[in-house]
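Input: a single structure, listed below in structure tokens.
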Amino acid sequence: MWSGPRNISTALMRSWGSRPDAYVCDEPFYAHYLEHTGIEHPGREEVLASQERDWRKVVQWLTGPIPEGRTVFYQKHMAHHLLPRIGREW
């Protein structure tokens, strides 16, 4: 799901996350976004240290097998995290 700030995206993500067959990921391009924009957000250093920054690796993970053997892969994306440098072919 592609979303924007301040709407029901987190509620939807939590709803999908309550399903035993669903794997949920939250804003997978966030670290790349923070690294390449220089924006100071709360928890910036923790995000940069714990999440993948290479958008190509993120795309590979997002389009690969669903983690943990689940059958549903719910991806919560923020539209503004999709920087112009990120390919759209995936």
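Every number here is computed from the coordinates shown, using simple stated rules; none is lab data. Since the model is a prediction, treat every value here as computed from it, not as a measurement. Every residue, glycine as well, gets a Cβ built from its backbone with ideal geometry; the counts of neighbours run over all protein chains shown.
Things to note:
- Selection status of Glu89, in a helix (DSSP H, G or I), surrounded by fewer than 11 Cβ atoms within 10 Å (Cβ to Cβ) and not aliphatic (A, V, I, L, M): no
- Contacts under 6 angstrom Cβ, first residue in the stretch 15-26 being without any contact (Cβ under 8 Å) to a residue 60 or more places away in the chain, partner part of a helix (DSSP H, G or I) and basic (Lys, Arg), 6 or more apart: none
- Here Gly43 meets each of (1) more than 12 Å from the chain's Cα centre (by Cα); (2) in contact (Cβ under 8 Å) with a residue 60 or more places away in the chain with one exception, condition (2).
- Exactly one residue among Glu52, Glu68 is under 24 Å from Trp90 (Cα atoms), among the acidic types (Asp, Glu) and not in a helix (DSSP H, G or I), and that residue is Glu52.
- Qualifying residue in the stretch 71-86 (condition: touching a Cys at 6+ places or on another chain (Cβ under 8 Å), of a type in the set (Phe, Trp, Tyr) and surrounded by 15 or more Cβ atoms within 10 Å (Cβ to Cβ)): yes
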